[in-house]
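Every read-out reported here was derived from the displayed coordinates using simple, explicitly stated rules and does not represent laboratory data. Fair warning: this is a prediction, and the values are worked out from it, not measured in the lab. No Cβ is skipped: glycine too gets one built from the backbone with ideal geometry, and neighbour counts run over all protein chains shown.
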Amino acid sequence: MGKKVFVDLTHPFSAEIPRWPYFAKPVVDSMHSLSKGGVLTQRIDCVQHTGTHADAPRHVMETEFDGRRARYTHEMPVDAYTGDAVCLEIEVEKWGLILPEHLEDACKRANIKPEELEGMVVCLNTGMHRQFDDSKDYYHYSCGTGVEAGKWFVKNKVKCVAMDMQALDHPLHTAMGNNGATRLNLMGASGRPITEEYKEQFGEEAYAEFDKDEFIRIHGKEAYDAKFGDLEAIGCWGTWEPCHKQLLGHGIVGVENLGGNLDKVSGKRFRFNCFPIRWYMGDGSMVRCVAEIDEDDVNDVPERTYTYSGCI
């Protein structure tokens with residue numbers, strides 16, 4: 001075995017970092033400068049769900065599946081986001097919904113059985129981290145998970161799921177589509193809502209997976225209850241971020257916007273190090289994610305470079 005090395009899996013933070021469509025722009029300001037005060041002191045004002053970050057249960061729900069009040073960041077175990085990990089390479093079409101068969105196929109290629117994932121951190125490499133930017137491709141048209149993937153993670157008793165996408169759910173399961181109090185239903189590249197574009201590309205039945213009313217209209221209330229009823233039973237809107245809620249509601253925390261040199265550890269096993277701020281009553285936290293891995297196991301791929309906001 002070679003020596004252990006550390007691989008950064010975090011997108012660099014700045015005031016110009018790409019951010020979720022309705023998040024406020026981070027403000028970074030200097031309170032003191034070296035020329036005037038002899039020290040450099042900076043302050044930031046931003047949403048804690050900016051860039052590479054972790055979610056706590058309270059972010060998306062009031063009650064977890066066991067009946068307890070949904071926990072804040074400070075109530076989660078200190079090692080909730082860290083542990084033995086594997087990075088699964090997900091092969092799915094653009095804008096595709098990641099299903100259990102995609103996860104199981106990725107497990108085979110990583111030479112790990114789903115039942116071996118118990119207690120592990122599962123990182124997903126879909127390739128979206130390479131597109132991290134202020135773009136429709138990264139936000140509107142990302143692939144993503146849903147209720148079935150969420151239930152698969154719960155079934156296999158994983159500890160934490162870290163994804164290289166804009167969220168722990170497919171964009172149409174979020175407020176970018178027709179879910180949530182905001183219901184942005186954002187305009188796509190065609191100038192029409194992304195919900196309409198999705199129906200045109202994949203069909204109404206495929207789109208119904210993301211829309212409660214459409215699902216019930218096409219498949220019926222009984223089918224809806226069979227798929228989303230456990231979420232509705234604890235006061236959640238079934239098609240609104242169901243993977244978030246399946247995970248967090250069962251105490252499985254999540255990391256979003258995983259990035260950095262993720263391709264260097266893709267398909268590998270390693271130690272995943274990630275700690276949120278010990279934020280009292282926090283709903284999440286920006287995090288630094290780092291893989292600790294045997295240097296002989298690191299994939300021979302170029303260092304990640306960033307071009308947004310003048311980065312080179």
Extension length gain for Asn111 and Asp294 (0.36 nm per residue less Cα distance), in nm, is 64.2 nm
With labels modelled as points extended 7 Å from the Cα through the Cβ direction, what inter-label distance (nm, one decimal) is found for Arg271 paired with Val27? 4.1
Could you give me D for segment 152-286, from Stokes-Einstein at 20 °C and 1.002 mPa s, where the hydrodynamic radius is the Kirkwood radius over C-alpha pairs? Units µm² s⁻¹, please. 127
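Just the number, please: percent antiparallel of the DSSP beta bridges in segment 4-310, rounded to the nearest 5.
On the way: 26 of 40 bridges.
Of those bridges, close to 65 percent are antiparallel.
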J(HN,Hα) series, segment 70-85, from Karplus relation 6.51 cos²θ - 1.76 cosθ + 1.60, nearest Hz, glycine and proline x: 4, 7, 8, 3, 5, 8, 7, x, 4, 9, 4, 9, 10, x, 5, 9
So for R0 = 22 Å, FRET eff. of Glu196-Ser135 from the Cβ-Cβ r, to 0.05, ends up at 0.65
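At R0 = 41 Å, how high is the FRET efficiency between Asp84 and Lys36 if r is their beta carbon distance? Nearest 0.05 is fine. Mind showing how you got there, number by number?
Values: r = 48 Å, r/R0 = 1.18.
The formula returns an efficiency of 0.25 here.
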Quick note, segment 153-230: a/c under 1.5 would make it rounded; otherwise a/b > b/c is prolate and the rest oblate (a ≥ b ≥ c, C-alpha gyration tensor); here it is oblate
Provide the per-residue ³J(HN,Hα) series for segment 216-233, in order, calculated from phi with Karplus coefficients 6.51, -1.76, 1.60 and θ = phi - 60°, each as a whole number of Hz, with x at glycine and proline positions. 5, 4, 7, 9, x, 5, 4, 5, 5, 5, 5, 8, 10, x, 5, 6, 4, 5
In whole Hz, what ³J(HN,Hα) sequence does segment 104-119 give by Karplus (6.51, -1.76, 1.60; θ = phi - 60°), x for Gly and Pro? 5, 5, 5, 4, 4, 6, 8, 6, 9, 8, x, 5, 7, 7, 4, x
What percentages, rounded to whole numbers, describe P(r) for the chain computed over all alpha carbon pairs with 20 Å bin width beginning at zero? 32, 58, 9, 0
Debye intensity ratio in log₁₀ form over the Cα atoms of segment 83-140, taken at each q of 0.13, 0.27, 0.31 Å⁻¹: -0.38, -1.12, -1.30
Partners for Lys155 among aspartates and glutamates (Cα-Cα distance below 13 Å; same-chain residues under 8 apart left out): Glu104, Glu115, Glu116, Glu118
